[in-house]
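The next block holds one structure in the form of structure tokens; read it before the comments.
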Amino acid sequence: MSSFINHGIIDLNCKDLLRIATQANKSSAGFERNISHYNNNDKYWNKISKFYKDTGSNYQFFDHDWASLIPDTFFSVTKLKKEPITVVVNQILPGKLTPPHVDNYGQIPWKQSIEKKDIARFWIPLTKPSLGHALFFDDAVLYNLQEGTIIEICQGQRHSACNAGDTSRFFMSIIGVRENSST
């Protein structure tokens, strides 16, 4: 099974989103994942914690009502409901990365009322392709993605992202519910 689905490129007006992000309040996210993000595997958690203690994560989130800026074409292409939805814009600084992990959607306040199988996560680069900007899966590496490319990260897939370049990397993460869900 593939780790991701490439839904193509949509006109997301990435320049405006980046302008808004640079003016928004931001908060840092460190390497604070609990063991449930690693399928409750103590051995894997300990290994990841040791390897990524000093270099892992350290990316930034920007506060804004990002969901209001998502065009209707995104929903028609991805078959995602408009609500409930969680949208975040992130920045990964040069020399930083996200440790390998599997999303468990822990940051979503509405997830308790939704069956996990009905939740989908999308990753969209907002910056032009640049040296060192990559998204990794167990069986693939995505590199040189145009801004506005919609990548669906399939459930249960381990993945990691990095900025091994010299320019900041911005991306949008969208988590929502599939149109054909029972809720």
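The values are calculated or read from the model by the stated rules, or taken from the named source; none is laboratory data. Remember, it's a predicted structure, so these values are computed and weren't measured experimentally. So basically every Cβ, Gly included, is an ideal-geometry build from the backbone, and we count neighbours across all protein chains shown.
Odds and ends about this structure:
- When region 52-70 is filtered for residues that are surrounded by fewer than 15 Cβ atoms within 10 Å (Cβ to Cβ) and either at pLDDT 95 or above or not in a loop (DSSP other than H, G, I, E, B) (or both), only 68 remains.
Yes/no per residue for (1) of a type outside the set (A, V, I, L, M); (2) out of contact with any strand residue (DSSP E or B) (no Cβ under 7 Å at 6 or more places or on another chain); (3) farther than 30 Å from residue 46 by Cα:
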residue	(1), (2), (3)
83	yes, yes, yes
100	yes, no, no
104	yes, yes, no
108	no, no, no
114	no, no, yes
123	yes, no, no
133	yes, no, no
139	yes, yes, no
149	yes, no, yes
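- Condition met for residue 20 (modelled with pLDDT under 90 and either in a helix (DSSP H, G or I) or of a type in the set (Ser, Thr, Tyr) (or both)): no
- Residues in region 141-173 that are among the β-branched types (Val, Ile, Thr) and over 14 Å from the mean Cα position of the chain (by Cα): 141, 167.
- Meets criteria (in contact with a Phe, Trp or Tyr (Cβ under 9 Å, 6 or more places away or on another chain) and on the phi < 0 side of the Ramachandran plot) for residue 134: yes
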